[in-house]
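What follows is a set of notes on a single structure, which appears directly below.
Every number in this text was worked out from the coordinates using simple rules, so none of it is lab data. Please read these numbers as outputs of a predicted model, since none were measured by experiment. Cβ placement follows ideal geometry from the backbone for every residue including glycine, while neighbour counts extend to all protein chains displayed.
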Amino acid sequence: MWSRIEDAAKHCLCTFGYHELRLPIIESTALFERGVGDGTDIVEKEMFNIDSRDGEPLSLRPEGTASCVRAALQHGLAFNRVARLWYQGPMFRYERPQKGRYRQFEQIGTEAFGISKPALDAELIDINHQLFTSLALDGHITLRINTIGSLPERRAYTEALQKHLDSNRDTLDADSLRRLQTNPLRILDSKHAETRKVIARAPKMHSFLSDDSKHHFDQVLECLQALSIGFELDPYLVRGLDYYTHTVFEFETEALGAQGTVSAGGRYDGLVETLGGRPTPAAGFAIGLDRLVLLYQAVHTETEEVAACSNLVYCVAADEASLRHLMPIANQLRRDLAHTTVVVDTLGGKLATQMRRADREGARWAIIVGESERAEGVLTLKPMREVGEQARLTYDALVLRLLEDHG
Ligand code: HAM
């Protein structure tokens with residue numbers, strides 16, 4: 001299931017013209033402090049830090065965006081040109097583990113550099129939408145979207161918000177009080193009932209946006225409408241990492257309980273400059289693969305699962321000579337049938353035992369070869385899932401029969 005979902009994601013990214021980048025798992029701690037932000041939960045309390053021999057503080061990467069920007073700068077991938085990149089691999093955060101939240105988890109992320117137009121923001125959302133649709137999950141995931149404006153606009157808003165929250169500090173919960181100094185925007189995420197009342201009366205980001213920022217966001221939404229992608233506007237969506245500007249979005253499901261965010265991202269036009277490059281517009285997202293797999297499991301029943309992965313042909317030989325006869329035929333089948341898995345039973349033994357193994361493997365068809373098949377130049381094709389009649393066929397007729405069935 002993991003492979004199928006990964007393959008679907010990679011295929012989707014490939015069809016949108018994104019190229020794979022392989023990033024290291026360990027990076028300098030300073031990269032994440034500067035990139036993700038000092039006041040974020042990730043940097044404050046969730047990084048796995050390593051003492052290196054030469055004293056340079058290193059960390060297991062908690063996310064991929066900062067690493068991707070670092071690599072793009074180091075290797076000139078985003079200099080004066082457009083780059084559409086993706087990466088996959090484990091990320092590490094020292095969080096309290098629960099269903100859907102792990103200390104080592106897997107992301108597939110994308111980052112696109114050099115495009116300031118709102119169509120890119122919509123393209124990134126569209127990639128998610130196409131992938132979820134291809135996995136028949138689109139009915140189970142909703143898109144929430146917001147804009148947090150340019151960096152100066154966000155700063156002005158953060159100050160106003162901080163002032164409002166500070167004048168209501170008696171009502172705030174302990175976590176929000178702590179965040180008041182370090183990361184006031186994150187208080188908008190608070191689930192605490194009293195804090196939520198204070199937030200409801202707080203100044204709104206929208207009134208701090210310039211016409212350009214509003215226009216950018218409106219165009220993103222127009223693109224989404226043109227792509228027939230439904231969304232919910234969420235004025236309180238801010239994301240937990242510091243680098244975002246303008247569009248931010250999250251794909252959420254109700255099927256996984258508390259850890260329902262399956263994919264998240266947005267624009268981060270200031271990060272390349274923060275990390276030492278020239279001002280470069282950029283945007284991206286990361287899918288939490290563990291959660292996507294959990295959702296896939298929750299939504300698709302076991303029977304669908306068997307049906308989806310059962311293009312399996314299991315080859316059984318009655319004796320050693322038949323096995324040697326069958327192995328090159330299995331290779332020819334692998335070449336001739338693109339969507340088929342061909343397993344040869346190399347353990348051997350009684351035919352009945354081999355057929356039981358075929359069944360246990362979930363085979364759709366078995367091919368049986370013994371002395372009489374070899375003598376006549378045919379193969380016995382036996383349906384394992386009530387998908388047709390048993391028949392003795394020439395190789396070509398057998399391939400046609402399987403092509404009819406599997407495509
Ligand atoms: P993030 O929201 O921190 O964003 O993580 C993205 C996704 O990774 C989450 O929506 C979730 O599905 C998954 N995830 C995060 N933490 C855990 C965990 N402890 N266990 C399981 N899954 C988890 C980022 O990481 C940004 N770098 C995304 C991005 C790319 N923004 C722009 N470009």
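Brief remarks on what is shown
- Rounded, prolate or oblate (a/c below 1.5 giving rounded, otherwise prolate when a/b exceeds b/c) for region 11-140 by Cα gyration tensor: oblate
- Surface/4 of the Cα convex hull for region 306-385, nm²: 4.9
- Rounded if a/c under 1.5, otherwise prolate or oblate - region 96-219, Cα gyration tensor axes: oblate
- Phi-derived couplings, Karplus 6.51 cos²θ - 1.76 cosθ + 1.60 at θ = phi - 60°, listed residue by residue for region 136-150: 6, 10, 4, x, 10, 10, 10, 9, 10, 9, 7, 10, 10, x, 6 Hz, with x used for Gly and Pro.
- For region 307-406, the relative contact order works out to 30 percent when only alpha carbon pairs closer than 8 Å and six or more residues apart are counted.
- At the listed q of 0.08, 0.10, 0.12, 0.14 Å⁻¹, the Debye profile of the chain, built from one uniform point per Cα, gives log10 I(q)/I(0) equal to -0.57, -0.77, -0.96, -1.19.
- Under 5 Å from the amide H of S150 lie the amide H atoms of S210, H246, each residue being 5 or more positions distant or on a separate chain, with H modelled from the backbone and absent for Pro and chain starts.
- Listed values for region 21-38 are Karplus-derived 3J(HN,Hα) couplings in whole Hz (6.51 cos²θ - 1.76 cosθ + 1.60, θ = phi - 60°), namely 10, 9, 10, x, 7, 10, 9, 5, 4, 4, 4, 6, 4, 6, x, 6, x, 4, and x replaces Gly and Pro.
- Whole-angstrom gap from region 200-248 to region 67-114, using each part's C-alpha centre: 23
- Over the residues of the chain, the helix contribution to mean residue ellipticity at 222 nm works out to -12000 deg cm²/dmol, using -39500 (n - 2.57) for each DSSP H run of at least 4.
- Each peptide in 273-284, 159-170 gets a packing score, the mean of other Cβ atoms within 10 Å over its residues, and the list from highest to lowest is 273-284, 159-170.
- Gap separating the Cα centres of region 251-289 and region 1-64, nearest whole Å: 12
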